[in-house]
Amino acid sequence: MKISTKGRYGLTIMMALAKRSGEGPISLKSIAKEYDLSEHYLEQLIAPLRNAMLVKSVRGAYGGYMLAKEPSEITTGDIIRVLEGPISPVEVLDDEEPAKRDLWIKIRDAVKEVLDNTTLEDMANFEDKGDQEYYMFYI
């Protein structure tokens, strides 16, 4: 499974809102500027997040967007599903060999577990440890 820029930038929007949770609405313009992203593209991504009731908008001169729930109540899986669709590396077919079908299901379940057990609060509170070694997983 490969997450597109839709999922990555959507997660960036949500992390920015989580980091400033409780401080009032934040404009997409300020998020775009802070992360050097296209404001126009972020506008396209915020609509499905709002429709899924993950964010709410505030109109007016000091308006913008804010999380509709606490950061601890929104998982990265919630965001990825809204922007990318179902979490599945491949479509599992009934006529597939049992060993291959089992492998695809295990991969799907592992990805779901990570996404569904990582909240925005976890992401917003993550501190880069500098020289800590990280693993890169490609699925």
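What follows draws every value from the coordinates through simple rules; no lab data is involved. Nothing here was measured: the structure is a model prediction, and the numbers come from that model. Positions of Cβ are backbone-derived with ideal geometry, glycine not excepted, and every protein chain shown enters the neighbour counts.
Local charge for Gly64 was computed over the other residues whose Cβ lies under 15 Å away, with Lys and Arg +1 and Asp and Glu -1, and equals +3.
Give me Rg over Rh for segment 18-70, both radii from the alpha carbons and Rh done the Kirkwood way, two decimal places. Spell out each step's value before the answer.
Values: Rg = 10.6 Å, Rh = 11.3 Å.
Here Rg/Rh amounts to 0.93.
Under the simplified labelling scheme, the Lys69-Lys56 pair shows an inter-label distance of 1.4 nm, with each label point 7 Å from Cα along Cα→Cβ. Arranged from fewest to most other beta-carbon atoms within 10 Å of their beta carbon, Leu115, Leu17 become Leu115, Leu17.
Projecting the Cα atoms of Leu67, His40, Ile107 onto the dipole axis of the chain, where Lys and Arg carry +1 and Asp and Glu carry -1 at the beta carbon, places His40 farthest toward the positive end. Only Cα pairs under 8 Å and 6+ residues apart enter the sum, and on that basis the relative contact order of segment 5-125 stands at 31 percent. Calculated from the alpha-carbon coordinates, the chain shows an Rg and a Dmax of 17.0, 59 Å respectively. Close amide H pairs (under 5 Å, H built 1.01 Å from N) link Ser27 with Tyr65, residues at least 5 positions away or on another chain. If you take the beta carbon distance between Glu43 and Lys112 as r and set R0 to 30 Å, what does 1/(1 + (r/R0)^6) give as a FRET efficiency, to the nearest 0.05? With a Förster radius of 30 Å, E is 0.55.
Helix-only arithmetic for the chain: the sum of -39500 (n - 2.57) across DSSP H runs with n ≥ 4, divided by the residue total, places the mean residue ellipticity at 222 nm at -15500 deg cm²/dmol.
Rounded to the nearest 20 Debye, what is the dipole magnitude of the chain about its Cα centre when Lys and Arg each give +1 and Asp and Glu each give -1 at the C-beta?
On the way: 18 positive and 24 negative charges, 136 e Å.
For the chain, the charge dipole is close to 660 debye.
Pairs Lys33/Lys56; Lys2/Lys100; Lys69/Lys106; Lys6/Lys33: which exceed 25 Å Cα-Cα? Distance filter (> 25 Å) returns Lys69/Lys106.
Neighbour counts of other Cβ atoms within 10 Å put Tyr65, Tyr41 in the fewest-to-most order Tyr41, Tyr65. Along segment 75-81 the Karplus relation, 6.51 cos²θ - 1.76 cosθ + 1.60 evaluated at θ = phi - 60°, assigns HN-Hα couplings of 9, 5, x, 4, 5, 4, 5 Hz to successive residues, with x for each Gly and Pro.
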